[in-house]
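Following: one structure in structure tokens, then a few remarks.
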Amino acid sequence: MQSAIVSNLVAEKYREACVAELSALKPGNVHIFADGHGMVVQDFLKSADASMAPISKPEFCVGERIFQAVSATWGEVGCNTNLGIILLAAPLIQTAFLHNKLSQEALKQTLQKLTVDDARFAFQAIQLASPAGLGEVAEHDVQKSPDVTLLKAMQVAAHRDLIAQQYANGFADVFVGVELYLEYLAKWERPAWAVTAVYLGFLAKFEDSHIARKYGQDIAKDIQQQAQHHYAAFTKLENPKLYQATLLNWDEALKNQGINPGTSADLTVATILANSLMNI
């Protein structure tokens, strides 16, 4: 699976996942219904366009994919729009290249083979992107040169970060997200609303890491509880559009408070991409 044609196909699948996430109503996050947090949809489209080639180069290791994609994004938009997306997408794409398509078992093999060099590239990418709320930690701080593999570094961080947790658990939550996406796609036959269900599902299941880093666990827990209410009300409907006004009101309220469930959005992109790469 090393041809330029396949590389281009993987790049397109990555871009399509980014665009699909932007096309869905995601309260608190940037989407086509409403901008927010000083960012607009166009910033994220530019980011997807800039990062799609480097993240899908067949010859790159996972760490190189991460660093080169973040560097390309930074050169295009000058801010952190997609670090979480790239951290999640890189091992998914690596697995697709190595095994011709994605499976959870194949992905676990990819994660086990991650190296210290992968960690070094990833740490450099994280430093470049400078995500909100990133501070010093006692063990395997990204501000320092790593002495462990990327998998080990992620395992250490898994208790405080949902993206790291995916590396640690073999992307278990992303694969659950795929099942959720397919369930609501079958129910509603509307991809964008199925994506909204996935996003709300993540936000209802977990305290969003991005919110927790910026505002603390109490706020993250409060937003999670609000999401649980909205997820239950939204997913029981036969016509999801009937809940659009309610979600837009919540979207406005979150943005007025400066609250952005960014990690839930990153997991949503990874879910869409995983589904595509499983069927490539």
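No value in this document is a laboratory result; all are computed from the given coordinates. None of these values were measured; they are calculated from a predicted model. Cβ: placed from backbone, ideal geometry, glycine included. Neighbour counts: every protein chain shown.
Quick one: putting +1 on the C-beta of Lys and Arg, -1 on the C-beta of Asp and Glu, what dipole do you get for the chain around its Cα centre, in Debye to the nearest 20?
260 debye
Cα extents of segment 4-171 along the three principal axes, largest first, in whole Å?
42, 40, 27
Which entries in the list Lys187/Lys241; Lys26/Lys108; Lys205/Lys236; Lys187/Lys236; Lys152/Lys214 go over 20 Å, if you measure between the two C-alpha atoms of each?
Result: Lys26/Lys108; Lys152/Lys214 exceed 20 Å.
How many nm separate the modelled label positions at Val116 and Asn256, each set 7 Å beyond the Cα in the direction of the Cβ?
The two pseudo-label positions are separated by 5.3 nm.
Can you give me the relative contact order of the chain as a percent, contacts being Cα pairs under 8 Å and 6 or more apart?
Computed value for the chain: 25 percent relative contact order.
Please report, to two decimal places, log10 I(q)/I(0) for segment 176-266 at q = 0.21 Å⁻¹ as given by the Debye formula with identical point scatterers on the Cα atoms and no solvent.
The calculated log intensity ratios at q = 0.21 Å⁻¹ are -1.02.
Under a Cβ-only charge scheme (Lys and Arg +1, Asp and Glu -1), can you give me the dipole magnitude of segment 4-171 about the Cα centre, in debye to the nearest 20?
For this selection, approximately 300 debye.
Magnitude of the Cβ-charge dipole of segment 176-266, K/R +1 and D/E -1, about the Cα centre, nearest 20 debye?
Once rounded to the nearest 20, the dipole reads 60 debye.
Using only Cα atoms, tell me the angle between helix 41-55 and the longest principal axis of the chain; keep it within 0 to 90° and round to the nearest 10.
Long axis of 41-55 versus the principal axis of the chain: about 30 degrees.
For the peptides 244-250, 266-272, what is the packing order when you average, over each peptide's residues, the other Cβ atoms within 10 Å and list the highest mean first?
Result, highest mean Cβ count within 10 Å first: 266-272, 244-250.
Over segment 106-260, what is the relative contact order in whole percent, taking alpha-carbon pairs under 8 Å and six or more residues apart?
17 percent
Could you give the C-alpha radius of gyration of the chain expressed as a fraction of 2.2 N^0.38 Å, taking N as the number of residues it contains?
Taking the Cα Rg and dividing by 2.2 N^0.38 Å, one obtains 0.94.
So what is Rg over Rh here for segment 104-243, counting just Cα atoms and using Kirkwood for Rh?
Using only Cα positions, Rg/Rh for segment 104-243 is 1.04.
Suppose a student asked you for the relative contact order of segment 4-171, using Cα pairs under 8 Å spaced at least 6 residues apart; what percent would you report?
Normalised by residue count, the contact order of segment 4-171 is 17 percent.
Can you sort Phe67, Phe60 by how many other beta carbons sit within 10 Å, fewest first?
Final ranking by Cβ density, sparse to dense: Phe60, Phe67.
Please give the direction-averaged projected area of the C-alpha convex hull for segment 31-93, in square nanometres with one decimal.
4.1 nm²
For His31, what residues show an amide H to amide H distance below 5 Å, using hydrogens built from the backbone and excluding near sequence neighbours?
none
Select from segment 1-75 those GluC sites (Glu not before Pro) which occupy a DSSP coil region and have at most 11 other Cβ atoms within 10 Å, ordered by residue number.
Glu59
Please work out the C-alpha center-to-center distance from segment 193-223 to segment 1-61 and express it in whole Å.
That distance is 21 Å.
Starting from the exponent 0.38 and prefactor 2.2 Å, build the expected Rg for segment 213-254 from its residue count and divide its actual Cα Rg by it.
That works out to 1.32 for segment 213-254.
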